[in-house]
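Scroll down for the structure; my scribbles are underneath it.
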Amino acid sequence: MSINDQHSKAATGGNEKTCFIKTYGCQMNVYDSQRMEEALAAAGYRPVAAAENADMVILNTCHIREKAAEKVYSELGRLKPLKQQNKNMVIGVAGCVAQAEGAEIIARAPVVDMVFGPQTFQQLPAMLDEIDDTRARGDKPKLVRTDFPATEKFAALKAVARKPVTRSPSAFVTVQEGCDKFCTFCVVPYTRGEEVSRASGDIIAEARALVAEGVSEITLLGQNVNAWEFEGVRLDGLLAQLGEIEGLARLRFTTSHPRDMDAALIAAHGENDKLMPYLHLPVQSGSDAILKAMNRKHSAADYIELTKKFRGARPDLALSSDFIVGFPGETEADFEATLALVEEVTYAQAFSFKYSPRPGTPAADAEAQIDEAVKAARLARLQALLNAQQLAFNHAQKGRVLPVLFDKPSKNGDQMSGRSPYLQPVHVPFSALGLDDATDAANALRGRILPVEITGTHANSLSGIVAV
Ligand code: 5AD
Ligand code: SF4
């Protein structure tokens with residue numbers, strides 16, 4: 001038993017329980033899982049590394065594509081024998097599958113005791129009490145909480161104590177949640193609810209607390225982060241206020257919708273020197289007919305124009321995007337328009353997916369669904385182009401000296417890894433700095449931003465040497 005374990009047992013009077021949270025999907029789920037861990041810590045639960053040893057297991061799920069949603073049921077199948085061994089185990093399904101499927105989850109997988117959506121996890125301690133009461137009566141818990149008090153959630157975030165951990169120098173802060181755009185392929189407006197912005201005072205307080213713990217890079221999270229607005233201030237204003245926090249060196253934000261971009265946020269990319277030269281701006285398709293059918297509310301030309309404005313404000317801006325191929329009705333010409341848009345814009349990085357019909361979304365009912373083999377072939381062609389652009393972008397860094405924010409030892413070898421301003425992972429041998437041990441290197445370098453001369457460029461990362 002480690003000193004920490006002994007300490008936490010003492011703190012909870014020996015009644016300590018354990019929890020394991022498995023996270024699927026987006027960065028907001030990662031953030032939410034951390035907050036759940038904190039809420040559970042307050043209720044006497046210590047996190048453990050595997051479901052086998054846990055009194056409580058939560059799957060924080062993603063509903064964005066069918067594959068992501070189905071993973072939950074296979075994981076629940078794996079949990080069943082564990083629960084047979086430990087009848088007191090509590091199994092919860094959280095996140096977007098919980099929101100979308102609610103009580104159906106318990107009907108399909110009776111091993112589940114509770115289902116709660118992304119807006120209700122702050123009620124976790126009260127839900128656990130209810131489960132105890134139900135079991136004390138000899139009944140099987142079937143608790144479902146999927147209402148939408150999003151503002152309550154933001155208020156509750158304030159009350160939860162942050163974990164005193166050795167954290168990465170890079171942290172997420174949720175500032176906005178939900179989506180009012182209703183793209184016809186997307187479940188997010190149904191699972192995360194309408195757009196809600198968090199109060200700037202709370203965001204700044206959380207950022208300050210993180211910086212006091214050693215964080216030097218903050219990524220603001222929101223499903224439509226550039227729709228954030230509070231008391232007449234928009235995202236550029238929030239970024240300016242955050243930029244004044246001493247010790248906070250880097251700011252990022254994700255994910256943006258092209259329709260919510262304004263001139264001030266574009267200008268901020270040239271004016272706010274803490275704002276990193278990297279923008280994730282999903283376009284989904286380069287065909288106007290498909291964009292219209294997707295209800296994206298912008299044309300390919302609008303998007304291209306927007307990227308030009310951003311590059312006017314910040315010439316070295318690295319762009320990233322999301323793409324869907326095989327949306328219902330997508331012709332070969334539509335798909336080629338997407339390739340043409342990629343050729344014109346050029347990306348440093350991108351995510352691309354085959355269209356996956358989601359129950360309850362308008363596009364799922366469209367008649368002109370595209371054959372899986374056609375989707376797969378288009379995805380391969382698009383990814384070949386995007387990968388080539390990413391490689392070219394990485395190669396272009398060779399010989400440059402980039403400021404790298406160091407985070408942790410690399411998985412293999414005697415290297416520390418960090419991130420360039422363009423979000424590329426950068427690996428640096430620490431022996432060249434006179435450090436011969438990964439722990440020493442982490443202690444010496446974690447959280448520092450040092451100039452690195454880029455000597456090697458690869459598909460997904462860069463390597464180099466500290467230039468001091
Ligand atoms: N099928 C495939 N990809 C999807 N995305 C969202 N919904 C679907 C779907 N039904 C993609 C979009 C979005 C990203 C987060 O996931 O590209 O930007
Ligand atoms: Fe989904 Fe469109 Fe909203 Fe993004 S903007 S979350 S793709 S509905």
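The values are calculated or read from the model by the stated rules, or taken from the named source; none is laboratory data. The structure displayed is predicted, hence computed values, not measured ones. Methodologically, a virtual Cβ is constructed for each residue, glycine included, from the backbone with ideal geometry; neighbour enumeration extends over all protein chains shown. For the accessible areas, the whole protein counts, side chains as well, though only heavy atoms, and no ligand, DNA or RNA atoms are used. Shrake-Rupley method; radii C 1.70, N 1.55, O 1.52, S 1.80 Å.
Numbers below:
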| quantity | calculated |
| --- | --- |
| Cα-based radius of gyration of the range 3-148 once divided by 2.2 N^0.38 Å, which approximates compact folds | 0.99 |
| Interatomic Cα distance distribution for the range 303-362, bins of 5 angstrom, percent | 4, 15, 22, 21, 16, 12, 7, 3, 1 |
| Viscosity 1.306 mPa s, 10 °C: Kirkwood-radius Stokes-Einstein D of the range 401-466 over Cα pairs, µm²/s | 140 |
| Stokes-Einstein D in µm²/s, Kirkwood radius over Cα pairs - the chain at 25 °C with 0.890 mPa s viscosity | 102 |
| Sequence of LEU59, LEU306 from largest to smallest accessible area, 1.4 Å probe | LEU306, LEU59 |
| For the range 232-352, the fraction of alpha-carbon pairs in successive 5 Å shells from zero, as % | 2, 11, 21, 22, 17, 11, 8, 5, 2, 1, 0 |
| Sulfur and carbon atoms: percent of accessible area, the chain [1.4 Å] | 52 |
| Rounded FRET efficiency, nearest 0.05, which uses the C-beta distance separating ALA380 from THR331 and R0 of 30 Å | 0.95 |
| Difference of contour (0.36 nm per residue) and Cα-Cα distance, ASN86 to SER461 | 130.7 nm |
| Contour excess over end-to-end distance, with Cα ends at ASP414 and ALA396 and 0.36 nm allotted per residue | 4.0 nm |
| Accessible surface, the chain, averaged per residue in Å² (probe 1.4 Å) | 43 |
| FRET efficiency for GLU229 and ASP322, using Cβ-Cβ distance with R0 set to 25 Å, rounded to 0.05 | 0.60 |
| Protection proxy ranking, peptides 369-378, 457-466, average beta carbon neighbours within 10 Å, highest first | 457-466, 369-378 |
| Debye log10 I(q)/I(0) at q = 0.18, 0.30 Å⁻¹ for the range 238-297, Cα point scatterers | -0.71, -1.31 |
